[in-house]
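> Before I ask anything, here is the structure I am working with.
The values are calculated or read from the model by the stated rules, or taken from the named source; none is laboratory data. None of the values given here were measured: they were computed from a predicted structure. Positions of Cβ are backbone-derived with ideal geometry, glycine not excepted, and every protein chain shown enters the neighbour counts. With ligands, DNA and RNA removed, areas are computed over all heavy atoms of the protein, side chains included. Shrake-Rupley method; radii C 1.70, N 1.55, O 1.52, S 1.80 Å.
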Amino acid sequence: MKTALPRLSLVLEPELSSALKDLAEAVARFGEANGLSEAQIHNLSLALDELATNTISYGFADADRQELRVELRIEADQVVAQLDDSGIAFNPFEEVSEPDLHASIDDRPIGGLGVFLTRTLFPNPDYQRIDGYNRITLRAPVKGDS
Amino acid sequence: MATGSVLDLTTETEGDTTVVIPAGRIDGSTASPFQESLLKLIEGGKGSLVVDFENIEYISSAGLRVLLLAAKQLQAGGRKIVLCAMRDHIAEVFKISGFSEILAIHPTRQDAIDAG
């Protein structure tokens, strides 16, 4: 019997390798407990990976504290993923430009894709700066296995 | 790397074509060693590079970046990269990012080798 897990909160290490591993495990555990489809678990995992990778790689460079916390929860018919970090104030959805999806191999710049993938998988992401923390909230209608 | 994901990599050759079969997750923590391996193989080979995704369960933009870099390197030498055997959710990431327009993706390894 699977136990329902309506809310999962997790502190991530400010080190990429262990953070991504813990994040992937947490999303899988939360997704399976709530009967989310494999595709939805993958999308949550990817979007949170992209955001956490950016925070750990860039956001913490000049930050006094390196705190990163993820919360996953079910709200009515929505799955909500929230990422809080103590990095420098940065709204990736305003400050990262859209990649040119139709450029050729030669013209296509290396990078800039993570934020775009996140926004495509979770349209209308929310960003807030609260008491020294960046908070990003992603929402999507719950998609089950069947 | 001790606590993180590990990306295993095996290689085979088919004539001039090098076939790479990575296994595991390609993310921000495994992309660097993956990039090093691919660039070494490109430097040491002379034909196309086939990357077989059969045993890849996950790829993030960090992995896409490595493939783009490899494609640029190969193209500069008149060679190409051919990908194959992707799971649906991985193929979707290539589609969303526009990479399926610029990189050749085939259903099976043999198709990829034939196209290489």
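> A:Ala47 fails exactly one of the following numbered conditions: (1) modelled with pLDDT of 95 or more; (2) under 12 Å from the mean Cα position of the chain (by Cα); (3) farther than 22 Å from B:Tyr58 by Cα. What is the number of that condition?
(3)
> Just one of (1) under 11 Å from the mean Cα position of the chain (by Cα); (2) more than 26 Å from A:Ser17 (Cβ to Cβ) trips up A:Pro123, so point out which.
Condition (1) is where A:Pro123 drops out.
> Do you know which residues across segment A:70-109 are within 14 Å of chain B (Cβ to nearest Cβ), open to solvent by less than 60 Å² (accessible area, probe 1.4 Å), in a loop (DSSP other than H, G, I, E, B) and under 30 Å from A:Ser18 (Cβ atoms)?
A:Val96, A:Pro99
> Scan segment B:14-60 residue by residue and report those that are within 29 Å of A:Thr55 (Cβ to Cβ) and assigned to a loop (DSSP other than H, G, I, E, B).
B:Asp27, B:Gly28, B:Ser29, B:Thr30, B:Phe53, B:Ser60
> Can you report the number of residues in segment A:21-40 which are within 16 Å of B:Ile56 (Cα to Cα) and either away from chain B (no Cβ under 11 Å) or not charged (D, E, K, R) (or both)?
Selection size over segment A:21-40: 2.
> Among the residues of segment A:118-137, are any touching a helix residue (DSSP H, G or I) at 6+ places or on another chain (Cβ under 9 Å), more than 26 Å from A:Ala39 (Cβ to Cβ), away from chain B (no Cβ under 14 Å) and not β-branched (Val, Ile, Thr)?
Checked segment A:118-137: at least one residue is touching a helix residue (DSSP H, G or I) at 6+ places or on another chain (Cβ under 9 Å), more than 26 Å from A:Ala39 (Cβ to Cβ), away from chain B (no Cβ under 14 Å) and not β-branched (Val, Ile, Thr).
> Residue check: is A:Glu32 among the charged types (D, E, K, R) and out of contact with any Asp or Glu (no Cβ under 7 Å at 6 or more places or on another chain)?
Answer is yes for this residue.
> Considering every residue within segment B:70-87, establish whether at least one is closer than 27 Å to A:Ala24 by Cα and β-branched (Val, Ile, Thr).
no
> Can I ask one more? Looking only at segment B:69-79, count how many residues are more than 14 Å from the chain's Cα centre (by Cα) and either buried (at least 22 other Cβ atoms within 10 Å of the Cβ) or β-branched (Val, Ile, Thr) (or both).
Matching residues across segment B:69-79 total 0.
> Out of all the residues in segment B:85-106, which are within 9 Å of another protein chain (Cβ to nearest Cβ), in contact with a strand residue (DSSP E or B) (Cβ under 9 Å, 6 or more places away or on another chain) and open to solvent by less than 40 Å² (accessible area, probe 1.4 Å)?
B:Ile90, B:Val93, B:Phe99, B:Leu103
> Which one of B:Val66, B:Val82 is surrounded by 19 or more Cβ atoms within 10 Å (Cβ to Cβ) and in a strand (DSSP E or B)?
Selected residue: B:Val82, the only one of B:Val66, B:Val82 that is surrounded by 19 or more Cβ atoms within 10 Å (Cβ to Cβ) and in a strand (DSSP E or B).
> Out of segment A:110-125, which residues are open to solvent by 20 Å² or more (accessible area, probe 1.4 Å) and touching a Pro at 6+ places or on another chain (Cβ under 9 Å)?
A:Gly111, A:Gly112, A:Phe116, A:Arg119, A:Pro125
> Regarding B:Val50, is this residue in contact (Cβ under 8 Å) with a residue 12 or more places away in the chain, away from chain A (no Cβ under 14 Å) and open to solvent by less than 10 Å² (accessible area, probe 1.4 Å)?
The answer is yes for B:Val50.
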